[in-house]
1. Quick check on this structure: which one of Tyr16, Tyr112, Tyr42 is out of contact with any Asp or Glu (no Cβ under 7 Å at 6 or more places or on another chain), within 30 Å of Ser167 (Cβ to Cβ) and among the aromatic types (Phe, Trp, Tyr)?
2. Which of the residues spanning the stretch 124-136 are surrounded by 14 or more Cβ atoms within 10 Å (Cβ to Cβ) and over 16 Å from Leu162 (Cβ atoms)?
3. For Ala165, all conditions in the list (1) surrounded by 11 or more Cβ atoms within 10 Å (Cβ to Cβ); (2) within 43 Å of the chain's Cα centre (by Cα) hold save one; what is the number of the exception?
4. State whether one or more residues within the stretch 47-69 are in contact with a helix residue (DSSP H, G or I) (Cβ under 7 Å, 6 or more places away or on another chain) and surrounded by 10 or more Cβ atoms within 10 Å (Cβ to Cβ).
5. Of all residues in the stretch 1-42, count the ones that are over 20 Å from Lys53 (Cβ atoms) and of a type in the set (Phe, Trp, Tyr).
6. Kindly evaluate Ile115 against the criterion of being assigned to a helix (DSSP H, G or I) and modelled with pLDDT under 95.
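The values are calculated or read from the model by the stated rules, or taken from the named source; none is laboratory data. Given the structure is predicted, the values throughout are model-derived calculations rather than measurements. Because the Cβ atoms are built from the backbone with ideal geometry, glycine has one as well, and the counts that use them run over all protein chains shown.
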Amino acid sequence: MVEVREETKLTLLEIYKETGIGLEGNILKLIDSEGDDEFSLYIKDCIDKDKEKRRKRLEITKQVQDQNKELLKAKEEIERVNEELRLSLVEVQKAKENVENDLDVLQKKTQYELINTIVKVALFVIIGVGVTTTILYMVSMFTGKDTQIIGSTWSNMFGILLTNAFSIVGTIMGVKYANKDK
């Protein structure tokens, strides 16, 4: 045990009365306060206050530890959700690419079908005009009519029809190959 001098006791008691500040910590266990009731009461009050402060610090430490545990759990949850979002983003990106590819294929198929339809109609018109003109030319030949105008018209008509047919086919082929991936 540590004995405290009388003047130190008086100084400690005076500081305690004026400011409410007393000794703290394990030193209180070592101080011999027997024989002086006022100093014994001072030491007892200091021990009680020290115990209360330690209890409060322990509660705060426990609260901080609990909050840290909650924060760690929240961090793990956020990381899990971020990972799910990243995976979802990757899946959405893949789905977008698939949809774009499907749309591209559908557009090319539609263009191809449209080109086929245009070519067929153009060929039917060309053949129809050619056949009609030929039939008129043949009828006028067999009926004995003058075929000079119809003959030159027939010849010009076939030239124009062939030129237009090649022009249509060339344009369609140009469009088809221009749209092709390089």
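1. The unique qualifying residue is Tyr112.
2. Residues of the stretch 124-136 that are surrounded by 14 or more Cβ atoms within 10 Å (Cβ to Cβ), as a first pass: 125-126, 129-130, 133, 136.
Correct list: Leu136 only.
3. (2)
4. In the first step, residues of the stretch 47-69 are kept if they are in contact with a helix residue (DSSP H, G or I) (Cβ under 7 Å, 6 or more places away or on another chain); the result is 47, 50.
Now narrow it down to the ones that are surrounded by 10 or more Cβ atoms within 10 Å (Cβ to Cβ): 47, 50.
Yes, some residue in the stretch 47-69 is in contact with a helix residue (DSSP H, G or I) (Cβ under 7 Å, 6 or more places away or on another chain) and surrounded by 10 or more Cβ atoms within 10 Å (Cβ to Cβ).
5. The number of residues fulfilling the criteria is 1.
6. On the way: assigned to a helix (DSSP H, G or I): yes; modelled with pLDDT under 95: yes.
When the stated conditions are applied, Ile115 passes them.
Table: residues versus (1) farther than 30 Å from Lys9 by Cα; (2) in a helix (DSSP H, G or I).
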{"position": "Ile21", "(1), (2)": "no, no"}
{"position": "Glu38", "(1), (2)": "no, yes"}
{"position": "Lys51", "(1), (2)": "no, yes"}
{"position": "Gln65", "(1), (2)": "yes, yes"}
{"position": "Asn68", "(1), (2)": "yes, yes"}
{"position": "Ala74", "(1), (2)": "yes, yes"}
{"position": "Leu85", "(1), (2)": "yes, yes"}
